[in-house]
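Shown next, in structure tokens, is the structure this report addresses.
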């Protein structure tokens, strides 16, 4: 059952614009629209879900700055080429066939 959410997407975006807070919209999952927000020292991810709920995740900087040597470490930790992942079918995930757009 969908419930009426006190924070709707459009008024939320208007509030961000009025406050001059930088944001981007993204679709990272099938059941939500994400608002990615950047403020000094923080980043917020606000997901407006189809069921009317809202997920908020907040990332706060430690304030510690690093030099370019940190990039090598980050790439070695998160480069997808370093991971062996089983095909989706072996993990029990059904793949959707994409529709051709005419």
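Overview of values
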item: Residues of region 27-54 with amide N under 19 Å of a point placed 7 Å along Cα→Cβ from residue 13; result: 27-39, 44-54
item: Whole-number D in µm²/s for region 1-61 (Stokes-Einstein; Kirkwood sum over Cα pairs; 20 °C, 1.002 mPa s); result: 177
item: Cβ crowding within 10 Å averaged over residues, with 38-51, 68-81, 18-31 ranked highest first; result: 38-51, 18-31, 68-81
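A short reminder: the numbers here are calculations on the coordinates, not readings from a lab. Only a predicted model underlies this, so the values are computations on that prediction, with no experimental measurement involved. Reconstructed Cβ throughout: ideal geometry from the backbone, glycine too, with neighbour counts over all protein chains shown.
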